[in-house]
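Taking it in order: structure first as structure tokens, then the write-up.
No value in this document is a laboratory result; all are computed from the given coordinates. Since the model is a prediction, treat every value here as computed from it, not as a measurement. Every residue, glycine among them, receives a Cβ derived from its backbone with ideal geometry; neighbour counts consider all protein chains shown.
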Amino acid sequence: MTVEVREHQKTPLWRNATFLKWVAQIGVLVALLALFALLGSEALKNFNQSGISFGWKWLSDPTGVDIREGIDTSPDSGVRALAVGMVNTLRVGVSGIIAATVLGTLIGIGRLSKNWIVNKLSTVYIESIRNVPLLLQIFFWQAMALVLPQLATDDVGTYWFKASNKGFGLAWFRTDGGFWPWMLFVVAGILVGRAVSRSRHRIQEETGRITYPGLSWLATVIVFAAVGWFAWPILRFLAPVWHGIASFFRALPPIVYPIVGAIASIGFAVLWIRNFFESRRTPAGFGKLTDDDWFRVIFAGFSGIALAIVSFVIGGFVLTTVGGDKASVAELIGRGIANVFDWLGRSFEVTSGSPIVGSRPEVIVRGAGFVNFSEGGVVMSVPFFAIWTGVTLYTASFIAEIVRGGILAVPKGQTEAAMALGLRRSQYLRLVILPQAFRIILPPMGNQYLNLMKNTSLGIAVAFPEIVQVGTTILNQTGQSLPVVLVWMGFFVSLSLGISAIVNYYNRKMMIVER
Amino acid sequence: MTMHETTPERVLGDDIVIAEGVKKWFGDFQALKGVTTRVKEREVVVIIGPSGSGKSTFIRCLNRLEAHQEGTIIIDGTELTNDLKNIEKIRSEVGMVFQQFNLFPHLTVMDNITLAPIWVRKTPKAEAEATAMELLERVGIPEQADKYPGQLSGGQQQRVAIARSLAMKPRIMLFDEPTSALDPEMIKEVLDVMKELAASGMTMIVVTHEMGFAREVADRVMFFDYGTIVEEGTPEHFFTNPQHDRTKLFLSQIL
């Protein structure tokens, strides 16, 4: 018996699924690029017509901006002012994320507690905080801080802790002479400690004898830190080495940096493509790549080459520095690296002082009857307090609900099995329930971190000098709205992508292996 | 008719489980209405009965997964009360195997088995792992030690769950419908492990619908209904000459 086969025909292009797919991919890409080009040129045309100049000169121009708090209160250039704003945003954001995570987790567990009071308190906290707009809460905390007593001439003196309507002063530490040489000891301690802990871990695996690998690591670091505390001046001989490295970078022709950038981006693309092929490999050899796979490979290759070109373009970009001379970005990078090593060299030349010293807040009279904190200790300003407390408590209430949901989502049988094996509550929570809950908690937790980061921009409402507030001031002075907005967007996008990358990394690590 | 096959004769010891008038309510519903029975060391007791009859609740009371409200339960000379120390002692002596296996999905088979010995018994890791490998050999899947529960078949998972309980060296094993969630072809591999365990002299209380297992292995069969033991006796008595109408009806429905 034979099967009738119609004569094999060549598929026409408009019916060829592969061909159509490629046309669609490339078409979308071209359309997207065209759209951006169109929008960009239209925007430029409109700016020109309305007489708004669009440029980046304000980055290096001196600004008259005074910033109330931060790493530099009277920055000499626009870029420096933005950097101060970014650091302030990060200060609130990162410390807020840590505090909100701890508080939210405790309250989330508290809401599951069988203890009636703990349970109800957690519920009241969550329901009251998350149902009030964040902006109102920030104003509330500002108002709470502003009714604190004023600083008067009677208050002059040093304190461990001092609350006032000028902020909260708290005793803290500051680095002193020998901090960086001492840090070298600490880093050496961490590395040696790791080797010690690994070898002890191996002994424990082989003999079953308890060898405390974690504790011995900690002990090694403490010993190194203690020795380094007194021995750090002997590292003075390293100072010329750092200066030597600095002069090496200063002598390096600037063209080296774009070349390194280009090699890195092409290398990264090649690595990605290789890993991609590797991931498609089956025991029988390379699996068949689909059209989508090929498109990804080609896109990765193009991106690598494009980035290489971009690094040359940016490297050759000539800027006017604050001093007034012109230099290419590549040259500035070289100078920056050299300056860091010079600074390291100088910090190794110090011979007196101790690495870390305590420092207490001090209230002093500044000018006629004007009383305020001086440099000592750490002072949490009222705007910082308001925005930090606001975003932390607000985000913690959402995190608490996420934690509660995550724990409840672990099947009850897991608890029963752990109890039947004789594990105590604290043990099975830590070893069985939380590791599984964490897997459920992590993705929504990442969203809350992103929200917290973005909510710090409400600092503008209480005059906290974060990136948006500083940017607004610059924008008002220079009229450069589009560049400032681009900087804002770029900053928040890269911050969010960074947080997502970290969360995704842990997410992949926590994934439960299934068939 | 299948005869009660004589495994190498197990000599029954003293009473290891004593239940006197155990009562348990879930809200208004009374799940146990005064259960009184004794189980001897090395005895294999099979509990059967319709769903909702309280048989699962009863064995869950034996290691305090459920707290009974009236009556007395004494396990190996220790009374089950609110005393956390007693509960801890009893739980580490009583192993339990669940219908849904309840393996820890985030841990490998090896870590599932060694978790309790390391944290509860404070056994050194190397020793716990050696014991775990022996147990995996015993249940027939030593090659799966490094896999995760999600990568195993149901029958393999239940055998790991048995090994996990045995790793605590329990004196009594409770089985709560261990084969009810399994595909038919996997039931045998789990029952074989349980038969071997019975032959080795383990005290076992098994809630099951596997009448073949009851006939072959049990020293005593208990029939539960409406929260009480309606009838109990040797498998021969039970399957050939049941006394109560409820028992007769139940057996006629399932056999």
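Calculated FRET efficiency, A:Asn131 to B:Ala199, Cβ-Cβ distance, R0 = 45 Å: about 0.10 to the nearest 0.05. For the peptides A:391-398, B:232-239, the ranking by mean Cβ contacts within 10 Å, running from highest to lowest, is A:391-398, B:232-239. If you take the alpha carbon atoms of region B:106-201 and fit the smallest convex hull around them, that volume is 100 Å³ per residue. Across every direction, the projection of the convex hull enclosing the Cα atoms of the protein assembly as shown has a mean area of 53.3 nm². Using a Förster radius of 51 Å, what is the FRET efficiency between A:Thr207 and B:Trp25 based on their Cβ-Cβ separation? Nearest 0.05, please. So, using R0 = 51 Å, E works out to roughly 0.45. The value of relative contact order for chain A, using C-alpha pairs under 8 Å at least six residues apart, is 25 percent. Length gained on full extension, A:Ile259 to A:Phe230, computed as 0.36 nm times the residue gap minus the Cα-Cα distance: 6.1 nm. Modelled this way, with points 7 Å down the Cα-to-C-beta line, the labels at A:Lys120 and A:Val147 are 2.6 nm from one another.
Working note: Karplus 6.51/-1.76/1.60 with θ = phi - 60° gives region A:341-357 the couplings 5, 4, 5, 4, x, 4, 5, 8, 7, 5, 10, 10, x, 10, x, 10, 10 Hz, where Gly and Pro are set to x. With each run of n ≥ 4 DSSP H residues scored as -39500 (n - 2.57), what mean residue ellipticity at 222 nm is computed for chain A after dividing by its residue count and rounding to the nearest 500 deg cm²/dmol? Estimated from H runs of four or more residues: -22000 deg cm²/dmol. Residues whose amide H falls under 5 Å from that of A:Gly177, counting only those 5 or more places apart or on a different chain, are A:Ser354, with hydrogens built in the peptide plane.
Using the Cα centre of chain A as the reference point, and only Cβ charges (+1 on K/R, -1 on D/E), how large is the resulting charge dipole? Debye, rounded to the nearest 20. Walk me through the intermediate numbers first.
Details: 43 positive and 28 negative charges, 339 e Å.
Roughly 1640 debye, rounded to the nearest 20.
With θ set to phi - 60°, apply the Karplus curve 6.51 cos²θ - 1.76 cosθ + 1.60 along region A:442-452 and write out the HN-Hα couplings as whole Hz, x wherever there is a Gly or Pro. Taking θ as phi minus 60°, the curve returns 4, x, x, 4, x, 4, 5, 4, 4, 4, 4 Hz for region A:442-452.
Using 1/(1 + (r/R0)^6) with R0 = 41 angstrom and r between the beta carbons of A:Thr472 and A:Val23, what's the FRET efficiency to the nearest 0.05? Working shown, then result.
On the way: r = 46 Å, r/R0 = 1.12.
Calculated value: 0.35.
For the pair region B:145-214 / region A:322-376, the C-alpha centres are spaced 69 Å from each other.
In this label model, A:Leu289 and A:Gln427 are separated by 5.3 nm, measuring between points 7 Å along each Cα→Cβ vector. Using a simple spin-label model with pseudo-atoms 7 Å out from Cα toward Cβ, A:Arg15 and A:Asn451 lie 5.3 nm apart.
Mean partner shielding of peptide B:159-166, defined as the number of other chain Cβ atoms within 10 Å of each residue Cβ, is 1.
Sort A:Arg274, A:Arg194 so the one with the fewest other Cβ atoms within 10 Å of its own Cβ comes first.
Listing A:Arg274, A:Arg194 from fewest to most nearby Cβ atoms yields A:Arg274, A:Arg194.
Going by neighbour counts of Cβ atoms within 10 Å, the residues B:Tyr148, A:Tyr212 line up, fewest first, as A:Tyr212, B:Tyr148.
Across peptide B:115-121, the mean count of Cβ atoms from other chains lying within 10 Å of each residue's own Cβ comes to 5.
Quick one: which of A:18-27, A:401-410 comes out on top by average Cβ neighbours within 10 Å, and what's the full order, highest first?
Values: A:18-27: 12.9, A:401-410: 19.0.
Highest mean packing first, the order is A:401-410, A:18-27.
Considering only the protein assembly as shown, what is the antiparallel percent among its DSSP beta bridges, to the nearest 5?
Details: 42 of 59 bridges.
Taking every DSSP beta bridge within the protein assembly as shown, about 70 percent pair in antiparallel fashion.
Less than 5 angstrom separates the built amide H of B:Gly71 from those of B:Lys23, all sequence-distant by 5 or more or on a different chain. Based on C-alpha pairs under 8 angstrom that are at least 6 apart in sequence, region A:387-509 has a relative contact order of 28 percent.
Across region A:114-205, Cα pairs under 8 Å and at least six residues apart give a relative contact order of 14 percent. Across all C-alpha atoms in chain B, the radius of gyration and Dmax reach 18.1, 55 Å.
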